[in-house]
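Below is one structure, written out as structure tokens; comments come after it.
The values are calculated or read from the model by the stated rules, or taken from the named source; none is laboratory data. Source: prediction; values computed, not measured. Cβ: placed from backbone, ideal geometry, glycine included. Neighbour counts: every protein chain shown.
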2 protein chains.
Amino acid sequence: MNKRRANHCEAYVSHGLGLFTDLYELTMVQAYFEQGMRGEAVFSLFSRALPQRRNFLVACGLDTLLDDLEAFHFDDGDIEYLASLDRFSPAFLDWLRDFRFTGTVYAVPEGTPVFADEPLLEIVAPLPQAQLIETLVMNQMQLQTVLASKAQRMAAAAAGRRVLDFGARRMHGFDAALKAARAFHVAGIAATSNVLAGRVWGVPVAGTMAHSYVQAHDDEREALRAFAQTFPDTVVLVDTYDTLAGVRKVVDLVRSGEARIGAVRLDSGDLLELARASRHLLDAAGLQHVGIVASGGLDEDRIAELVAADAPIGGFGVGSSMGVSDDAPNLDIAYKLCEYDGRGRLKLSSGKPVLPGRKQVFRSLRDGRAVGDVIARADESLAGEPLLHPVMRDGRRLHTPADLDALRTHAQESIARLPDAVQALEAAEPGYPVSVSAALREHQQQVAERIRAGQ
Amino acid sequence: MNKRRANHCEAYVSHGLGLFTDLYELTMVQAYFEQGMRGEAVFSLFSRALPQRRNFLVACGLDTLLDDLEAFHFDDGDIEYLASLDRFSPAFLDWLRDFRFTGTVYAVPEGTPVFADEPLLEIVAPLPQAQLIETLVMNQMQLQTVLASKAQRMAAAAAGRRVLDFGARRMHGFDAALKAARAFHVAGIAATSNVLAGRVWGVPVAGTMAHSYVQAHDDEREALRAFAQTFPDTVVLVDTYDTLAGVRKVVDLVRSGEARIGAVRLDSGDLLELARASRHLLDAAGLQHVGIVASGGLDEDRIAELVAADAPIGGFGVGSSMGVSDDAPNLDIAYKLCEYDGRGRLKLSSGKPVLPGRKQVFRSLRDGRAVGDVIARADESLAGEPLLHPVMRDGRRLHTPADLDALRTHAQESIARLPDAVQALEAAEPGYPVSVSAALREHQQQVAERIRAGQ
């Protein structure tokens, strides 16, 4: 076999996503297949703990996941590759050839804040199906949830000023960059520099200019003039050589009528001092209408500092820190079997508890503010708003995709309902109260006892 | 426009990658277009600094990037979307419609260790072309270089024991997971659980079983027996309920002749203690041939500890830490204009120096060991091995893709030539010596003076 001529760009599509799975999913499913274990299973996706300095996560990724579950299949080349591994039986490979996901999915809406142990989604399907999609479900839900959760912190720190996603170049690949722009927008980021995300998701696109543009001209003033001529009222970068000298050139160009400029961008140095000095120069020249945008190594703490110091900055361009969620690039996310064939299931492995059976999360509000969640059995009816809703039945999504603007609004409103300390950047002490219902706790104990007795 | 019905799975392919760019690349290129600035540019890709606790990076990602550069174009839908933004002129959009990359690329071979400021690649092309591909080049080269660099540390820590990539579920999306498996293999990881990577890259695939398999059975012993019946000599997971009780069931199954089992996997608890106790149980039963594999929250430090303690573990399954390079998920990577129209270019922004002009890196060896690098002008002939080689001309790759095994060998050999302290997990003090040639330093000063005089 030619090792790499299978086109990597097309791998996601032509391979039908079926091979985007860990090998052990396929080996386990063949074992289930041979043992006739096709009973109904319930799997739960949840985060065992929140990352440090995170008081909640912003659930994200459901919409694209549902599309992927509808599309998930194995093509002829996939089957041929699997056959070449000499591990799988012809009967099993035939079964894979016809594989389609026909299960039911319950999920919290995208943009909803969730806490440790709370299911982001639960999947009810024949065991082999629910098993095979594990890698896909975890990879995609974690990606967008990690990124939305980080982005929400940027938006919160900016306290109403615009935050722009400039991070595609330092994200992890095409898929991450494309879905990041969507997750960021849901979480409150105003726009993205990623043009593909503009086309695919309709996220507003934004951008300024790079140092290379200024460098390529022999004269900085001429570079700024030429750019503003092509794009009147644009944002120009002023720190290529000397930031304040750059601002003076902008002043000169605008006052002489040679250019219309919307804002200057600062990308290095002490952003607070430079923003103040730039504002002073612009104001002194009567250019109150020319704004200031800052970028360069920004994260939520730096943005919060600048906002607290009342820096005259109207927008923040954020790259690497948000793009990979640098302080918490992954979650302790788990996709765990919690019921099979009508019986609750769990593990007894140290430090990795599982809540058995299908579940619901009830969020209680008081005076319009969330005061606590209860994780309960799915058939309980407790006070509060239930967070998990059916979103897919028989392998078909139940709703057309939610409008991104509606998801943004939902995220903003449901985060605003959290206690103030939970909305803060620092860890809340104590954190948001999440408890397990008496009935679920009792069920967990019963299952644990049954397992201990059986071993 | 329907905001999301453009299929996100197909976005990478059908859109021809052209829109995988930051908006400012397109606005700058339209400005270049209108000003007739189509002279030859040189851009250099390098990391300004190494992450903490990294003594070098492992260059990776070139092969897939060259494919992407050959494929890069704008399709009709891309042009239509760009037109809808009301920023671009019809003449410019027509020019984009015919866009193809026709430049020359010089690069260090994949698997080569590189240091701060050393170009991983340099691109020589008409300015608009070299500018438009910036986002693609940075995103793809950073992704694979970050991941290969982290994986190399895992392999080094394991000191010859096998390291397996189990991380797809916690990586950032499809593209990251697929390319990670390739980068990891180049950097010394033995195999991956990612089946798609097996098909696309020919990376060996490996896998065991999950807790869910055991949980789905009412009896753990029966679960292990059934799995080993389908897959004789496989690896079985023993920590679902009680690790050592699980090992005793394995002993019982093997000794009774009911199952052939290759190894047990430990995935929780104190791995050193459990490995020793498991080894003791297995050996006492005469099962010296049954191995032990460990997983669960492993990183290079934990692996090094286990190896130093001579833990009886034959292989390590690694997930999240390697999968996102959790201690350094991104690089301070930059793609900078260093020459345009025959003149060296740089920035004077604080803390972000650029070395002007096309460059070469010479690595000096003494007694078969690397003793220092010199970053020089491309036309210099200094002592040592030149690291940058032409890999693409006129937009066409010069070589068929390198065999992954050859890249693995190259990586292993060139890393083994580094000083011992540089190969260690801890930061070497002083680090590996990298200097700038007198001629390049002089050129840098001349360019800086020319720019200062001109502003």
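Points worth noting:
- Residues in the stretch B:344-400 that are within 27 Å of A:GLN215 (Cα to Cα), modelled with pLDDT of 95 or more and of a type in the set (D, E, K, R): B:ARG358, B:LYS359, B:ARG377, B:ASP379, B:GLU380, B:ARG393, B:ASP394.
- Selection count, the stretch B:379-401, where residues are in a loop (DSSP other than H, G, I, E, B), touching a residue at least 60 places away in the same chain (Cβ under 8 Å) and touching a strand residue (DSSP E or B) at 6+ places or on another chain (Cβ under 6 Å): 2
- Any chance B:ALA223 is of a type outside the set (Val, Ile, Thr) and facing chain A (nearest Cβ under 7 Å): no
- Checked against (1) under 20 Å from B:ALA428 (Cα atoms); (2) surrounded by fewer than 21 Cβ atoms within 10 Å (Cβ to Cβ); (3) touching a strand residue (DSSP E or B) at 6+ places or on another chain (Cβ under 9 Å), B:ALA71 passes all but condition (1).
- Residue within the stretch B:86-98 that is outside any helix (DSSP H, G or I), among the aromatic types (Phe, Trp, Tyr) and under 28 Å from B:GLY319 (Cα atoms) present: no
For every residue, the table says whether it meets (1) farther than 30 Å from B:ALA428 by Cβ; (2) part of a helix (DSSP H, G or I); (3) at the interface with chain A (Cβ under 7 Å from one of its Cβ atoms); (4) modelled with pLDDT of 95 or more.
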site	(1), (2), (3), (4)
B:ALA6	yes, no, yes, no
B:THR27	yes, yes, yes, yes
B:SER44	no, no, no, yes
B:PRO51	no, no, no, yes
B:ILE79	yes, yes, no, yes
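- Of residues in the stretch B:338-369 being of a type in the set (D, E, K, R) and assigned to a loop (DSSP other than H, G, I, E, B), the one farthest from the chain's Cα centre (by Cα): B:ASP341
- The residue list A:VAL324, A:VAL354, A:VAL436, A:VAL361 contains one member that is in contact (Cβ under 8 Å) with a residue 24 or more places away in the chain, of a type in the set (A, V, I, L, M) and surrounded by fewer than 22 Cβ atoms within 10 Å (Cβ to Cβ), which is A:VAL436.
- Any hit, the stretch B:84-104, residues being of a type in the set (Val, Ile, Thr) and assigned by TED's automatic domain parsing to the domain that holds B:MET28: yes
- Sole exception among (1) more than 7 Å from chain B (Cβ to nearest Cβ); (2) surrounded by fewer than 20 Cβ atoms within 10 Å (Cβ to Cβ) for A:ARG182, by number: (2)
- Filter result for the condition that a residue is within 14 Å of chain B (Cβ to nearest Cβ) and surrounded by fewer than 17 Cβ atoms within 10 Å (Cβ to Cβ), over A:ALA416, A:ALA406, A:ALA424, A:ALA428: A:ALA406
- Beta carbons closer than 6 Å, at least 6 apart along the sequence or on distinct chains, never pair a first residue in the stretch A:38-63 that is outside the structural domain of A:LEU425 (by TED's automatic domain parsing) with a second that is among the aromatic types (Phe, Trp, Tyr) and assigned to a loop (DSSP other than H, G, I, E, B).
- Scan of the stretch A:145-164 for residues that are under 20 Å from B:PHE174 (Cβ atoms) and either assigned to a loop (DSSP other than H, G, I, E, B) or facing chain B (nearest Cβ under 10 Å) (or both), ordered by number: A:VAL146, A:LEU147
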